[in-house]
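The values are calculated or read from the model by the stated rules, or taken from the named source; none is laboratory data. Since the model is a prediction, treat every value here as computed from it, not as a measurement. Note: ideal-geometry Cβ built from the backbone for every residue, glycine included; neighbour counts use all protein chains shown. The area values use the complete protein model at the heavy-atom level, side chains included, leaving out ligands, DNA and RNA. Shrake-Rupley method; radii C 1.70, N 1.55, O 1.52, S 1.80 Å.
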Amino acid sequence: MIYLLCMKVLAPDHVFLLRGNHETRELQKEFTFCKELQARFGPSADYAFKMFNAVFDVMPLAAIVDEQIFCSHGGIPSTSTSLEQLALIPPLLKDPNLVTNACELLWNDPITDREYKELLANKPELAVVNNVRLPDGFLYNIKRNSGCLFNETAVERFLSASGLSHIIRAHECVPGNFRFLAYL
């Protein structure tokens, strides 16, 4: 993270950092970030934790590249149908998991239309969260127990409504390092 921040300082117009789901205090404590800080900073680890999180709290959750490509860690949210709605997410977020569309930008995962239809047929309850029916193309993400799954139809609808052409996300490791969900 220190290297990435240095690169941002050295080339602010060429390096862009987006917040992911691990840039939250809960996951940093659950996984290795806190242990790494302790190993590297010893007695100053708590201070380093606070300083890193002060940066993470203001990192953007999404970006638009070349006015065409939507970038986020997880994917598209079920709760926002326009970029204007996403722009209303507070710029300072200590816990993005408490803001539904912010949480979904970090946690949502894509599935194919075929996978969506199979899941919906076998587990129709996934189309409802907190007694509210999700928009067509979204299902509750049981794999992560957070966020939603979104299908190709939801991607097409989001891109069309936003006037964009592509989505790039980074939430999952995939064989060969990248995967195309849909060809539009």
(message) Being open to solvent by 90 Å² or more (accessible area, probe 1.4 Å) and at pLDDT below 95 is the filter here; which residues of region 1-12 pass it?
(response) ILE2
(request) Can you tell me which residue within region 103-123, out of those that are free of Cβ contacts under 8 Å to residues at least 40 places away in the same chain and not aliphatic (A, V, I, L, M), is least open to solvent (accessible area, probe 1.4 Å)? (result) TYR116
(request) May I ask you to verify whether ARG133 is under 19 Å from CYS71 (Cβ atoms) and open to solvent by 60 Å² or more (accessible area, probe 1.4 Å)? (result) no
(message) Please verify whether LEU93 is out of contact with any Asp or Glu (no Cβ under 9 Å at 6 or more places or on another chain), closer than 30 Å to MET51 by Cα and among the aliphatic types (A, V, I, L, M), treating the condition exactly as stated.
(response) no
(message) Just to confirm my filter: which helices (runs of 4 or more DSSP H) fall fully inside region 25-102 and include at least 3 residues that are over 25 Å from SER162 (Cα atoms) and open to solvent by 70 Å² or more (accessible area, probe 1.4 Å)?
(response) 25-30, 33-41, 45-56
(message) Suppose we filter region 156-175 for residues that are at pLDDT 80 or above, open to solvent by 40 Å² or more (accessible area, probe 1.4 Å) and of a type outside the set (Ser, Thr, Tyr); how many remain?
(response) 9
(message) Residues that are within 24 Å of HIS14 (Cα to Cα) and out of contact with any strand residue (DSSP E or B) (no Cβ under 7 Å at 6 or more places or on another chain): does region 77-88 have at least one?
(response) yes
(message) I'd like to check something: does region 3-18 contain any residue that is in a loop (DSSP other than H, G, I, E, B), in contact with a Ser or Thr (Cβ under 9 Å, 6 or more places away or on another chain) and closer than 17 Å to HIS171 by Cβ?
(response) yes
(message) Just to be sure before I move on: is LEU106 part of a helix (DSSP H, G or I), touching a strand residue (DSSP E or B) at 6+ places or on another chain (Cβ under 7 Å) and not basic (Lys, Arg) in the structure I sent?
(response) no
(request) Within region 87-127, work out how many residues are farther than 16 Å from ALA154 by Cα and either modelled with pLDDT under 95 or under 17 Å from the mean Cα position of the chain (by Cα) (or both). (result) 17
